[in-house]
Amino acid sequence: MSMSVAELEAARRDPVVFADVMIGRPLWPHQVEVVRSEARYRVICAGRRAGKSHVYGVLALHTAFSRPGMKALIVSAGEVAAKRLFAEVSKMAKAPRLGGSTEDETTSTLILSNGSTIECVPSSAKQVRSAEADLLIVDEAGFVPQDIWESAEPVVLARPGSRVLLSSTPWGALGHFFRQLWRQGMATPDRWVQSWHWPSSVSPLVDVEFLEQIRKRSAPDYFDREYLAKWTDDGSAYFPMAELEGAVADYALLPPEEATGWPAVAGVDWGFKRDANALVLVSVLDDGLLNADRHPDSPVFFVPWLEQEHQLPYAQFVDRVVRVGEYRKGAWDGQNGYWLPWVLAEENGPGEPAVQALRQAARARWGRSTPVRGVWTTNRLKVNGYGALRLLIQQGRMVLPRHPELLKQLHALQTEMLPGGGMRIEVPDNVGHDDLADALMQCMASVRTGPMWRRTELNEEGFSTRSSGEERMTGAGTRLLSEPVPLDFTQAFRSPRAGDGEDDW
Ligand SMILES: Nc1ncnc2c1ncn2[C@@H]1O[C@H](COP(=O)(O)OP(=O)(O)OP(=O)(O)O)[C@@H](O)[C@H]1O
Ligand SMILES: [Mg+2]
């Protein structure tokens, strides 16, 4: 597989040739337009599966390959997405002709043999603010906070010849940098800013039938954003975008493997054939005295961990949930995990055997009376569960991670007033793509939202928290540390009110 000098030179100069001969996968025409563009800012408003990750990988690798000592930085909105992109780019770098790359998994950095690097980080990472890079790629840019962009952008632009590639599904207020630059590059493209609109259908692998199937089982707003890449306004969204942004903070999720018995309630949503299985945990935030002035008589909650597993048989997901909650108080083997006083799992239709299996597995492995509750998700339950969540959000007492998928799912919930004056949260039954939102909603059946004595641990200095890291703040002003841990405060949870069809709050 040797290459001629001329071929190698062409690959060095042109990312399109590079993709073809070095990676072995020619770019699609819509991808070619972007990599061939001369614009310093290239902005893509894109739908799912449109070929973003692939084009990021090609451009980052090409930049690194073209000259020694180059640096490409890929910023994702959240930790999970950053890790996934790193895996995708690493895989691409292993193309036989590129070979010779080394990886540092711990820092998510790929180093080519010429000394060039490609780094994949979440927007919360410190290095983003002082991001010197020849190529800056921002994935799900609509979800990256404005202040992080404002500190990173000048550093990148100071580097001669540097380029910026922004892409996102539609998200962000009018003044947000992604939305502004995208509009500018659509309206008046020039050598400074150029924009593209990539609905999912630009991909030759996405056909009309596939899209139609997804449309049928998605909330309309979700489909429009995710697959048509259309900007929709708040309309009748139950959670307006600004309200959600107000609850979001950049903090590190706490993997179950590193948890040592922190208490959390768990919500489980089964995916079955089409959707993902989802697990979301809610805990009391160990915020020391950071919020004691704003919330003197009530705790702040947060999501310490969440995960989604696509196409996993439910029996395996049951094992996963049990593993997450495996911590045993006083166990000699020091088993890590969360301590789950309650697990709330969707029991509708095909959920019943799954809940049974979860109950049995929990009893067998946790060795205590079962804290698993099956929940029938009726309209009333949703109104109550999402209502409780919204109340906490509006009070500044629920902190959400910067997790685009969760935020988009919450934002896609529509409301409808019923003739009798009631309210309906419009998610037709068995609709997909609300798994994370639903799992979070399930948790709320066990969360006490009312005022209660706020437990704070004091030491000699009068302040103590086991959370660590830098101070962060949600859009609405709730304070926390960047590596928060749950407070051991099980009184904040109650025996779930949702039992069966008769008793849904
Ligand atoms: N130029 C190409 N040639 C062949 N296959 C491609 C090309 N670009 C992308 N693909 C394939 O198309 C699929 C979607 O591409 P990719 O993962 O890059 O899209 P995405 O926009 O990042 O999707 P997602 O929304 O899921 O993150 C993948 O299976 C990828 O391997
Ligand atoms: Mg992708």
Worksheet, complete the sentence: Taking region 37-76 and keeping residues away from ligand 2 (no atom under 12 Å from the Cβ) and small (Gly, Ala, Ser) leaves Ser37, Ala39, Ala60, Ala64, Ser66, Gly69, Ala72
Worksheet item: Among (1) in a helix (DSSP H, G or I); (2) surrounded by fewer than 19 Cβ atoms within 10 Å (Cβ to Cβ); (3) among the aliphatic types (A, V, I, L, M), which single condition is Met3 missing?
Response: (1)
Fill in: Set Ala81, Ala95: member being out of contact with any strand residue (DSSP E or B) (no Cβ under 8 Å at 6 or more places or on another chain), touching a residue at least 40 places away in the same chain (Cβ under 8 Å), within 13 Å of ligand 1 (Cβ to nearest atom) and aliphatic (A, V, I, L, M)
Ala95
Discussion item. Among the residues of region 396-439, what is the count of those that are within 21 Å of the chain's Cα centre (by Cα), at pLDDT below 95 and of a type in the set (D, E, K, R)?
Written reply: 6
Discussion item. Of the residues Pro68, Pro29, only one is more than 23 Å from Ser123 (Cβ to Cβ) and modelled with pLDDT of 95 or more; which?
Written reply: Pro29
Worksheet, complete the sentence: With criteria (1) closer than 25 Å to Trp182 by Cβ; (2) surrounded by fewer than 22 Cβ atoms within 10 Å (Cβ to Cβ); (3) away from ligand 1 (no atom under 12 Å from the Cβ); (4) of a type in the set (Val, Ile, Thr), Val43 comes up short on (2)
Discussion item. So Ser90 ticks every box in (1) buried (at least 23 other Cβ atoms within 10 Å of the Cβ); (2) within 16 Å of ligand 1 (Cβ to nearest atom); (3) polar (S, T, N, Q) but one. Which box is left unticked?
Written reply: (1)
Worksheet entry | Residue under evaluation Arg25, criteria (1) more than 16 Å from ligand 2 (Cβ to nearest atom); (2) at negative phi; (3) in a loop (DSSP other than H, G, I, E, B); (4) exposed (fewer than 14 other Cβ atoms within 10 Å of the Cβ), criterion not met | (1)
Fill in: Candidate set: region 191-216, residues that are assigned to a helix (DSSP H, G or I) and closer than 25 Å to Phe143 by Cβ; chosen: the one farthest from ligand 2 (Cβ to nearest atom)
Arg215
Response to the item:
A careful count of residues in region 173-221 that are in contact with a Lys or Arg (Cβ under 9 Å, 6 or more places away or on another chain) and among the basic types (Lys, Arg) gives 2
Discussion item. Between a residue in region 14-28 that is over 19 Å from Ser90 (Cβ atoms) and any residue that is more than 10 Å from ligand 1 (Cβ to nearest atom) and of a type in the set (Val, Ile, Thr), which pairs come within a Cβ distance under 8 Å, given they are 6 or more apart or on different chains?
Written reply: Val16/Val35; Pro26/Val16; Leu27/Val16; Leu27/Val35
Item to complete: May I ask you to list the residues in region 6-22 that are in a helix (DSSP H, G or I) and surrounded by fewer than 19 Cβ atoms within 10 Å (Cβ to Cβ)?
Response: Ala6, Glu7, Leu8, Glu9, Ala10, Arg12, Arg13, Val16, Val17, Asp20, Val21
Response to the item:
Per the filter on region 105-125, residues outside any loop (DSSP other than H, G, I, E, B) and within 20 Å of Phe177 (Cα to Cα) are Val121, Pro122
Item to complete: Give just the number: which of (1) of a type in the set (D, E, K, R); (2) within 16 Å of ligand 2 (Cβ to nearest atom); (3) at pLDDT below 90 does Arg97 not satisfy?
Response: (2)
Practice prompt. Consider Glu347 carefully, then state whether it is crowded, with 18+ Cβ neighbours inside 10 Å, closer than 27 Å to Leu253 by Cα and among the acidic types (Asp, Glu).
Written response: no
Worksheet entry | Residues of region 147-190 satisfying the condition of being more than 24 Å from Asp224 (Cβ to Cβ), assigned to a helix (DSSP H, G or I) and of a type outside the set (Val, Ile, Thr) | Asp147, Trp149, Glu150, Ser151, Ala152, Glu153, Pro154, Leu157
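The values are calculated or read from the model by the stated rules, or taken from the named source; none is laboratory data. In this text the structure is predicted, and so the values were computed from the model without any measurement. Note that we place each Cβ from the backbone using ideal geometry, even for glycine, and neighbour counts take in every protein chain shown.
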